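The values are calculated or read from the model by the stated rules, or taken from the named source; none is laboratory data. Since the structure is predicted, the reported quantities are computational estimates derived from the model, not experimental observations. Cβ coordinates were reconstructed from backbone atoms using ideal geometry, including for glycine residues, and neighbour counts include every protein chain displayed.
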Amino acid sequence: MKRLAILGSTGSIGRSTLKICESYPDRFTVVTMAAGGNIDLAFEQSKRWKPKVMSVAAEADAAALRKKLEASGIGGIDVVHGTAGTVLVATHPDVDFVVSAIVGVAGLEATYEAVKAGKSIGLANKECMVAAGEIITAEARKQGKPLLPIDSEHNAVHQCMRGGRLDEVKNVWLTASGGPFLHTPAKDFAAISVRQALNHPTWKMGRRITIDSATLMNKGFEVIEACRLFDMPPSQVKVIVHPQSTIHSLVEFNDGSILAQLSVTDMRLPILYALTYPERVESDLKFDVLSMKKLDFYEPNLDKFPCLRLAYEAAEAGGAKSISLNAADEVAVAAFLDGQIGFTQIPEVIKAVLDETANTHPESIKKVLECDAHAREVARQVIERKEKSVTKVLSH
Ligand code: MG
């Protein structure tokens with residue numbers, strides 16, 4: 001029986017993980033959970049799974065949840081909150097396996113502490129690898145515990161990597177759907193609206209990751225994630241556009257063989273793989289080979305999608321540059337969603353922040369978070385300057 005902590009239990013990966021636990025009650029038990037601000041769902045999950053510890057984001061929400069549980073006669077659940085609460089969930093002594101699926105840097109500290117506490121990790125939080133990949137993978141190597149990727153591309157790479165040794169790998173090929181603007185002419189990019197950008201062709205996801213898929217920054221983050229997870233230089237991690245998203249990624253070995261991983265586009269599969277690794281278990285997530293009529297591949301256009309170029313530069317530099325890349329992107333995407341900046345200004349803001357970031361390598365999670373906060377501040381200033389210049393032009 002594997003005893004789980006789920007960081008981000010009310011999010012889409014968290015809910016898919018609980019579906020797996022539901023399907024395999026003899027294999028997995030949920031010991032602790034961390035939710036965000038969705039207290040109704042946190043209450044339902046507490047009732048269903050009776051975790052030893054349930055953490056929520058805010059103190060007031062913790063108090064509300066405690067009251068609700070008490071009123072329903074449900075006892076024995078320690079309700080905690082904030083970063084300290086998430087760390088408690090991630091490092092609980094009864095937990096063997098931590099599913100890290102909190103979005104953003106909020107999950108960073110808990111994930112690092114879980115690795116340090118010798119837990120096995122299923123990693124769905126991209127920011128952990130982008131902002132602190134060097135620190136977290138070094139600690140995991142020291143602990144001799146696996147970091148199992150749940151992101152579909154990296155999960156595919158992990159599976160293909162079992163076909164050879166790391167020093168036999170020539171290239172890793174991350175597939176990208178290309179997003180909704182794959183065939184949009186460059187001249188129309190400036191006029192892209194929020195509604196158009198939120199309309200992703202193959203995956204239904206959160207708002208930020210949907211915009212990141214439209215700019216290809218999501219793929220850029222995945223390049224950095226792959227470099228850190230598999231200890232490879234950016235020059236060996238390639239991106240290939242594959243609109244059908246049937247092949248989740250490929251690994252090319254030095255003899256010329258290429259292994260690919262194909263499966264249904266359902267996140268339960270990578271989660272199940274991570275949870276049962278190195279075993280494989282029977283599932284109902286079958287892929288119909290005959291449904292595969294056409295597989296297209298294109299080289300990504302870096303002029304139309306400069307975010308991908310910026311990500312390669314940050315992957316090469318590592319440290320503060322990759323922290324800034326993530327922080328600036330989050331602020332820029334929020335500003336785009338708010339109508340403060342246009343679609344093509346997202347990479348402009350990120351580039352300006354990267355130019356202002358010194359090429360340093362923070363050595364602790366605390367320093368990473370300081371660097372992250374600073375980059376966000378710089379990004380907000382850059383956006384403010386842009387807004388002012390627009391206002392000036394309009395008033396003339
Ligand atoms: Mg992905």
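Only residues that are over 27 Å from ALA186 (Cβ atoms) and over 12 Å from the mean Cα position of the chain (by Cα) were counted in region 205-244, giving 8. Pairing each residue of region 145-168 that is of a type in the set (Ser, Thr, Tyr) with any residue that is within 9 Å of the ligand (Cβ to nearest atom), provided the two are 6+ apart or on different chains, yields C-beta distances under 7 Å for SER152/HIS248.
For region 356-375, name all the residues that are buried (at least 17 other Cβ atoms within 10 Å of the Cβ) and assigned to a helix (DSSP H, G or I). If you could, list the steps in order and put the result at the bottom.
We begin by selecting, within region 356-375, every residue buried (at least 17 other Cβ atoms within 10 Å of the Cβ); these are 357, 362, 365, 367-369, 371-372, 374-375.
Result: ILE365, LYS367, VAL368, LEU369, CYS371, ASP372, HIS374, ALA375.
Residues in region 52-76 that are of a type in the set (A, V, I, L, M, F, W, C) and crowded, with 19+ Cβ neighbours inside 10 Å: VAL53, MET54, VAL56, ALA57, ALA62, LEU65, LEU69.
So which residues in region 335-355 are part of a loop (DSSP other than H, G, I, E, B), in contact (Cβ under 8 Å) with a residue 24 or more places away in the chain and either in contact with a strand residue (DSSP E or B) (Cβ under 9 Å, 6 or more places away or on another chain) or of a type outside the set (Val, Ile, Thr) (or both)? Hits for region 335-355 are GLY339, GLN340, GLY342, PHE343.
Residues of region 148-197 being away from the ligand (no atom under 16 Å from the Cβ) and in a strand (DSSP E or B), which ones? Of everything in region 148-197, those that are away from the ligand (no atom under 16 Å from the Cβ) and in a strand (DSSP E or B) turn out to be VAL169, LYS170, ASN171.
For region 228-245, how many residues meet the condition of being buried (at least 20 other Cβ atoms within 10 Å of the Cβ) and not in a strand (DSSP E or B)? So the count comes out to 3.
Residue-wise test of (1) outside the structural domain of LYS294 (by TED's automatic domain parsing); (2) free of Cβ contacts under 8 Å to residues at least 60 places away in the same chain; (3) of a type in the set (Phe, Trp, Tyr); (4) crowded, with 20+ Cβ neighbours inside 10 Å.
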| position | (1), (2), (3), (4) |
| --- | --- |
| SER177 | no, no, no, yes |
| PRO180 | no, yes, no, no |
| PRO185 | no, yes, no, no |
| PHE189 | no, no, yes, no |
| VAL194 | no, no, no, no |
| ASN199 | no, yes, no, no |
| SER213 | no, yes, no, yes |
| LEU216 | no, no, no, yes |
| PHE221 | no, no, yes, yes |
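Among the conditions (1) outside any helix (DSSP H, G or I); (2) free of Cβ contacts under 8 Å to residues at least 40 places away in the same chain, HIS248 misses just one, which is (2).
Does LEU148 satisfy the condition of being within 15 Å of the chain's Cα centre (by Cα), closer than 29 Å to ILE258 by Cβ and of a type outside the set (Lys, Arg)?
Details: within 15 Å of the chain's Cα centre (by Cα): yes; closer than 29 Å to ILE258 by Cβ: yes; of a type outside the set (Lys, Arg): yes.
Judged against the criteria, LEU148 is a match.
Would a scan of region 201-224 turn up a residue that is at pLDDT 95 or above, small (Gly, Ala, Ser) and within 13 Å of the ligand (Cβ to nearest atom)? Yes, the conditions are met somewhere in region 201-224. Residues in region 379-388: is at least one at pLDDT below 95, assigned to a helix (DSSP H, G or I) and surrounded by 17 or more Cβ atoms within 10 Å (Cβ to Cβ)? Yes, there is a match, as at least one residue in region 379-388 is at pLDDT below 95, assigned to a helix (DSSP H, G or I) and surrounded by 17 or more Cβ atoms within 10 Å (Cβ to Cβ).
Looking at THR86, THR111, THR137, can you tell me which residue is touching an Asp or Glu at 6+ places or on another chain (Cβ under 8 Å), hydroxyl-bearing (Ser, Thr, Tyr), surrounded by 22 or more Cβ atoms within 10 Å (Cβ to Cβ) and within 25 Å of SER324 (Cα to Cα)? Even if it seems obvious, please write down each step before you answer.
Details: THR111 fails: touching an Asp or Glu at 6+ places or on another chain (Cβ under 8 Å); THR137 fails: surrounded by 22 or more Cβ atoms within 10 Å (Cβ to Cβ).
On inspection, the qualifying residue turns out to be THR86.
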